[in-house]
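K.L.:
The structure follows.
Read the figures in this text as sums done on the coordinates, not as results from a lab. All of these numbers come straight from a predicted model, not from anything done at the bench. Counting neighbours? That spans all protein chains shown, and the Cβs are built from the backbone with ideal geometry, glycine included.
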Amino acid sequence: MATTEHTDNPHGTTRRDFLFIATGAVGAVGVGAVAWPFIDQMNPDASTQALASIEVDIGSLATGESMTVMWRGRPIFIRRRTETEVQEAKDTPLSELRDPVARNPNLGGEEPATDVNRAAEGQEDLLVMIGICTHLGCVPLGQQGDYGGWFCPCHGSHYDTAGRIRKGPAPMNLEIPPYTFASESTLVIG
Ligand code: FES
């Protein structure tokens, strides 16, 4: 299923959100795990591991566009940021960040929340994040809020153009899922 919406954002660019919902995969994992002996649950086979990850074609994602895909029941925000968005994030001193940690498991540690540590390696304009507010779990709105990034209307959390929390009750930056590239235009999440 796919839906498309066009939204004007405060930065004057037009944004397209694509929502792709991967159905079936989660249910199949659940049924299989129940039927298998305990030892198999501890050591899922290749087919189960494959269902735990999704491939996303980002080849048609243009600058200034976003897409949302579902991964393990959670929305994943993928955005090709504009030069302005990248520059704004780079120009922000780390001392102004509430959460100084990148929250990027692809780096494997507690790296500082610089823009380059938040963006995809080798594609500084590409941002891939779990779209769940770190306050109480609402789904933030894109290209809104005081910092032109994401805004969670539930209790007023503002995230910047690198998904870093800047204002409001949320304690942490938007988390980044584990992901790799199968090709330049194919993202593998999970
Ligand atoms: Fe986002 Fe409370 S859940 S601000």
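K.L.:
In whole Hz, what ³J(HN,Hα) sequence does the stretch 149-157 give by Karplus (6.51, -1.76, 1.60; θ = phi - 60°), x for Gly and Pro?
P.N.:
Calculated HN-Hα couplings, in order: x, 10, 10, 9, x, 4, 9, x, 9 Hz.
K.L.:
While we're here: Report, as a whole number in µm² per second, the diffusion coefficient that Stokes-Einstein gives for the stretch 63-190 at 4 °C and 1.567 mPa s using the Kirkwood radius over alpha carbon pairs.
P.N.:
Calculated translational D: 91 µm²/s.
K.L.:
Report the label-to-label distance for LEU107 and CYS138 in nanometres (one decimal), using points 7 Å from each Cα along the Cα→Cβ vector.
P.N.:
According to this spin-label approximation, the distance is 2.8 nm.
K.L.:
Would you mind computing, in nm to one decimal, how far apart the modelled labels at GLN87 and ASP99 are, each placed 7 Å from Cα along Cα→Cβ?
P.N.:
2.8 nm
K.L.:
How big is the stretch 121-190 on each of its three principal axes, counting only the C-alpha atoms and giving the largest first in Å?
P.N.:
Principal extents (largest minus smallest coordinate, Cα): 38, 21, 16 Å.
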